[in-house]
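For reference, the structure is listed below as structure tokens.
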Amino acid sequence: MAISRKPLYVTVVFSFALMAAACSNGPVIGSDDALRQADIAAQDYRLANGDKVHIDVFGESNLSGDYVVAPDGKITLPLAGQVAAAGETIPQLREAVVTTLSHGYVQNPNVTISSVDLRPFYILGEINKPGRYSYEPNLTVMAAVATAQGFTYRADMSDVYIRHAHDASEKQYDLTSTLAVQPGDTIRISERYF
């Protein structure tokens, strides 16, 4: 008895078409304005006590490495001394390091700085791995959810609740692909009721 594979093939193709349609019409959309706001939030990240950055000084392996912002708000470069970091953005810290190294330590220093471990954010609710995670510039709520291993099957993917570090209570936001996360945020994904 021969089994026809055509109905199985049609079923698989139809299933993929339905999934693609669901993805294209889902709640995860963002406006150009929201994307600009996320980018501004990332560029405005101010370093604070406990943040860790990686400094790479081209051709100077003794100066390159990971640096943690000390409680006094500074990082200490070998031989060159302390550089104020707290309250500075990463581009501002780069300029300060270049200026410090230019004063008799390195001729025309070529410096790059990247974040390694910044102030955490917290994510809870209907996600697979709730907890504390390291913040990174340009982080969006959708990327935070991905870091926490995705939504549970009960997750409400239309709204999200966020309490910023400086706020007393959480606020409800539309869940879009460009909604930015700020350092110290607590993100809560609620359960859907249908």
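The values are calculated or read from the model by the stated rules, or taken from the named source; none is laboratory data. Model, not experiment: these values are computed from the prediction. Glycine gets a Cβ as well: all are built from the backbone with ideal geometry, and neighbour counts include every protein chain shown.
Tabulated data for the structure shown
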{"item": "Count of the range 128-187 residues which are among the aromatic types (Phe, Trp, Tyr) and under 17 Å from residue 118 (Cα atoms)", "result": "2"}
{"item": "Residue 143, sole failed condition from (1) in a strand (DSSP E or B); (2) out of contact with any Leu (no Cβ under 8 Å at 6 or more places or on another chain); (3) of a type in the set (Gly, Ala, Ser)", "result": "(1)"}
{"item": "Residue match in the range 128-140 (condition: modelled with pLDDT of 95 or more, loosely packed, with under 15 Cβ neighbours inside 10 Å, more than 15 Å from the chain's Cα centre (by Cα) and part of a loop (DSSP other than H, G, I, E, B))", "result": "yes"}
{"item": "Count - residues of the range 51-81 that are free of Cβ contacts under 8 Å to residues at least 60 places away in the same chain, surrounded by 18 or more Cβ atoms within 10 Å (Cβ to Cβ) and among the aliphatic types (A, V, I, L, M)", "result": "7"}
{"item": "Unique residue being in a strand (DSSP E or B) and of a type outside the set (Phe, Trp, Tyr) when the list is 120, 71", "result": "120"}
{"item": "Residue match in the range 147-163 (condition: touching a residue at least 40 places away in the same chain (Cβ under 8 Å), closer than 18 Å to residue 45 by Cβ and part of a strand (DSSP E or B))", "result": "no"}
{"item": "Positions within the range 99-127 being among the β-branched types (Val, Ile, Thr) and surrounded by fewer than 16 Cβ atoms within 10 Å (Cβ to Cβ), in sequence order", "result": "99, 112, 116"}
{"item": "Filter result for residue 89 (surrounded by 18 or more Cβ atoms within 10 Å (Cβ to Cβ) and hydroxyl-bearing (Ser, Thr, Tyr))", "result": "no"}
{"item": "Any hit, the range 150-158, residues being touching a Pro at 6+ places or on another chain (Cβ under 6 Å), among the polar types (S, T, N, Q) and not assigned by TED's automatic domain parsing to the domain that holds residue 82", "result": "yes"}
{"item": "So residue 176, is it hydroxyl-bearing (Ser, Thr, Tyr), out of contact with any strand residue (DSSP E or B) (no Cβ under 7 Å at 6 or more places or on another chain) and farther than 20 Å from residue 46 by Cα", "result": "yes"}
{"item": "Only one of 180, 165 that is surrounded by fewer than 14 Cβ atoms within 10 Å (Cβ to Cβ) and either small (Gly, Ala, Ser) or within 17 Å of the chain's Cα centre (by Cα) (or both)", "result": "165"}
{"item": "Selection count where residues are touching a Lys or Arg at 6+ places or on another chain (Cβ under 9 Å) and assigned to a strand (DSSP E or B), scope the range 164-189", "result": "4"}
{"item": "Cross-chain or 6+ apart pairs with Cβ under 7 Å, the range 82-104 first and in the same structural domain as residue 64 (by TED's automatic domain parsing) and part of a helix (DSSP H, G or I), then of a type in the set (Asp, Glu) and buried (at least 18 other Cβ atoms within 10 Å of the Cβ)", "result": "96/88"}
